[in-house]
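One structure below.
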Amino acid sequence: MGKYSSHARQAPRPKRGVVHPVMRGIGCLMIVIVPILAYGLSVLLVNYGASQGWPIPPDWRGTPTFHPLLWRLSGVAVILAFLQAQNNLIANVIFAIAITVVIGGVMSVLYGYIYSIFGPPRYGPTDAPPPRVKAKRYKR
């Protein structure tokens, strides 16, 4: 036993940074909902863009083609047949990825804004404010 330690047991501190279970559930749902929503929006956007003359590359439109060796793999032929039946699949997937990134970015900005409003204060009661130092410009 050291000179500055005591025998009294301290109560365990509550863990900081533990995410509330509801928030974990919402995040899990968002991982599933956002890509499905993005794919649905991409189907609508690609169809609307094709009718309005948007510059969607011709390689992205139509049904996808697969290498003949892929058709020989066992169990893959059913999946390839399903994918080949989809119209504008490549354009839909590329638009869905872009929409997912945009929705994720918007959600991150909104979350940051809401956290800054309702979150804990920047400095706690034991924190000292940052020093106000004016740095001089370096001259040779």
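The values are calculated or read from the model by the stated rules, or taken from the named source; none is laboratory data. Given the structure is predicted, the values throughout are model-derived calculations rather than measurements. Protein only, heavy atoms only, side chains kept; ligands, DNA and RNA dropped before computing areas. Shrake-Rupley method; radii C 1.70, N 1.55, O 1.52, S 1.80 Å.
Here are a few things to note about the model shown:
- Long-range tail of P(r) for the chain (Cα pairs > 18 Å, %): 77 percent
- Taking a ≥ b ≥ c as the square roots of the eigenvalues of the Cα gyration tensor, segment 22-98 is classed as oblate, since a/c reaches at least 1.5 and a/b does not exceed b/c.
- Under the Karplus curve 6.51 cos²θ - 1.76 cosθ + 1.60, θ = phi - 60°, whole-Hz ³J(HN,Hα) for segment 42-52, x wherever Gly or Pro sits: 5, 4, 5, 5, 5, 5, 5, x, 5, 6, 9
- Shape analysis of segment 98-140 places it in the oblate category; the axes a ≥ b ≥ c from the Cα gyration tensor give an a/c of at least 1.5, with a/b not above b/c.
- Potential extension, L69-R132 segment - 0.36 nm per residue separation minus Cα distance: 15.9 nm
- Using heavy atoms of the protein chains and a probe of 1.4 Å, the accessible area assigned to T65 is about 120 Å².
- By accessible area, using a 1.4 Å probe on protein heavy atoms only, the chain has 66% of its surface on carbon and sulfur.
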